[in-house]
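Asks: Before anything else, here's the structure in question.
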Amino acid sequence: MSSNLTDIDHRTPRLFIDHPLTPAGEVPLDRDQSHYLTTVLRLKSGDPIKIFNGVDGEWRATVNRQDKRSASLSITDQLRSQPGQPDIDFLFAPLKQARLDYVVQKAVEMGASRIIPVITRHTQVTRINSERMRANAIEGAEQCGILHVPVIGDAISFSALLANWDPARTLIVCDEALKPESPLVTLKSIPKGPLAILIGPEGGFADDERASLSRHERVIRLSLGPRILRADTAAVAAFALAQATLGDWQ
């Protein structure tokens, strides 16, 4: 059983299945999944596919094509057991749809365990499609060989987020108002443990929000360098720094 992504066949299609996965099990497919496998991918009966559910690892299965509109899967053997997952929450002020899709997929690739929209003073987008966010999270996991699909949390206000903060979790806040300094030096001083990364809105944090963050014991305000980054770019940069110093890139 392989545990190294470099040893894995990335050509065989992968599909997220919201169903328990067990040896010799049979997995029913809904109409959309059947259409995707038989019409989009043009798989036939007996063709191989890899499946995962975010809990039971990755399994090899074969397609049972019943007709043009319906199919099921027969599980053969387990390819990978479920690995441990970095405990990193990704918190962000919602973005417009195309960039929101992008940032959700990138957060999945970078190892987020939970993805939670945060409504700040200057947030420009307040209507969030949670189902679309989950679909993008699943797509990101399917395409990148990842076995964990992050939990998509309900949107929360900035004030409620801080008022109910878990004292055991360090909050890394990326703030363009800070004087540029080495983020690696800052992060290396943090003890390992549960983390969260907060990316603010395009208009930045309000003064009273920055004041609240400064008073909070578990907050580390971080500069991402001398250039102002777009929110989606900042998310990738912040995850890379956190994973390199405190996460599973070491």
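The values are calculated or read from the model by the stated rules, or taken from the named source; none is laboratory data. Model, not experiment: these values are computed from the prediction. Don't worry about glycine lacking a Cβ; one is built from the backbone with ideal geometry, like all the others, and counts go over all protein chains shown.
Asks: From the set of residues in the range 129-147 that are in a loop (DSSP other than H, G, I, E, B) and touching a Lys or Arg at 6+ places or on another chain (Cβ under 8 Å), which is farthest from residue 57 (Cα to Cα)?
Replies: Looking at residues that are in a loop (DSSP other than H, G, I, E, B) and touching a Lys or Arg at 6+ places or on another chain (Cβ under 8 Å), I get 145.
Asks: Scan the range 57-74 for residues that are within 23 Å of residue 148 (Cβ to Cβ) and buried (at least 19 other Cβ atoms within 10 Å of the Cβ) and jot them down.
Replies: Result: 58, 59, 61, 73.
Asks: I need a count of the residues in the range 12-28 that are over 24 Å from the mean Cα position of the chain (by Cα) and either of a type outside the set (S, T, N, Q) or assigned to a helix (DSSP H, G or I) (or both).
Replies: Going through the range 12-28 one residue at a time, the tally reaches 6.
Condition check ((1) closer than 25 Å to residue 53 by Cβ; (2) crowded, with 18+ Cβ neighbours inside 10 Å) across all residues:
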site	(1), (2)
142	yes, yes
145	yes, no
149	yes, yes
153	yes, no
156	no, no
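Asks: Shifting gears a bit: I need a count of the residues in the range 189-218 that are within 21 Å of the chain's Cα centre (by Cα), hydrophobic (A, V, I, L, M, F, W, C) and under 14 Å from residue 176 (Cβ atoms).
Replies: Here the count works out to 2.
Asks: Going by the structure shown, is residue 221 under 20 Å from residue 241 (Cβ atoms), over 18 Å from the mean Cα position of the chain (by Cα) and buried (at least 17 other Cβ atoms within 10 Å of the Cβ)?
Replies: Yes.
Asks: Here's another thing I want to ask about it. Residues of the range 206-217 being among the charged types (D, E, K, R), surrounded by fewer than 16 Cβ atoms within 10 Å (Cβ to Cβ) and without any contact (Cβ under 8 Å) to a residue 60 or more places away in the chain, which ones?
Replies: Of everything in the range 206-217, those that are among the charged types (D, E, K, R), surrounded by fewer than 16 Cβ atoms within 10 Å (Cβ to Cβ) and without any contact (Cβ under 8 Å) to a residue 60 or more places away in the chain turn out to be 207, 215, 217.
Asks: Right, something else. Identify the single condition in (1) among the small types (Gly, Ala, Ser); (2) loosely packed, with under 14 Cβ neighbours inside 10 Å; (3) in contact (Cβ under 8 Å) with a residue 40 or more places away in the chain that residue 242 does not satisfy, given that it satisfies every other one.
Replies: For residue 242, the exception is condition (2).
Asks: For the range 6-22, indicate whether the set of residues that are among the hydroxyl-bearing types (Ser, Thr, Tyr), at pLDDT below 90 and surrounded by 16 or more Cβ atoms within 10 Å (Cβ to Cβ) is non-empty.
Replies: So far as the range 6-22 goes, no, none of its residues is among the hydroxyl-bearing types (Ser, Thr, Tyr), at pLDDT below 90 and surrounded by 16 or more Cβ atoms within 10 Å (Cβ to Cβ).
Asks: Output the residues belonging to the range 48-73 that are within 18 Å of the chain's Cα centre (by Cα) and in contact (Cβ under 8 Å) with a residue 40 or more places away in the chain.
Replies: Those that are within 18 Å of the chain's Cα centre (by Cα) and in contact (Cβ under 8 Å) with a residue 40 or more places away in the chain: 52, 54, 57, 58.
Asks: Separate question: Name the residue that is farthest from residue 106 (Cα to Cα), counting only residues in the range 75-95 that are among the β-branched types (Val, Ile, Thr) and over 14 Å from the mean Cα position of the chain (by Cα).
Replies: Out of the qualifying residues, it is 76.
Asks: Here is a further query. Quick check on my filter: what residues within the range 83-102 are assigned to a helix (DSSP H, G or I) and surrounded by 15 or more Cβ atoms within 10 Å (Cβ to Cβ)?
Replies: Correct list: 99, 100, 101, 102.
Asks: Also, quick follow-up: Between a residue in the range 154-167 that is under 18 Å from residue 124 (Cβ atoms) and outside the structural domain of residue 115 (by TED's automatic domain parsing) and any residue that is among the aliphatic types (A, V, I, L, M) and surrounded by 15 or more Cβ atoms within 10 Å (Cβ to Cβ), which pairs come within a Cβ distance under 9 Å, given they are 6 or more apart or on different chains?
Replies: That search, which allows pairs on different chains as well, returns nothing.
Asks: Is there a residue in the range 116-128 that is part of a strand (DSSP E or B), of a type in the set (Lys, Arg) and at pLDDT 90 or above?
Replies: no
Asks: Related question: List, please: which pairs have Cβ atoms under 8 Å, are six or more places apart or on different chains, and start with a residue in the range 17-38 that is more than 19 Å from residue 146 (Cβ to Cβ) and end with one that is in a helix (DSSP H, G or I) and not basic (Lys, Arg)?
Replies: 29/37
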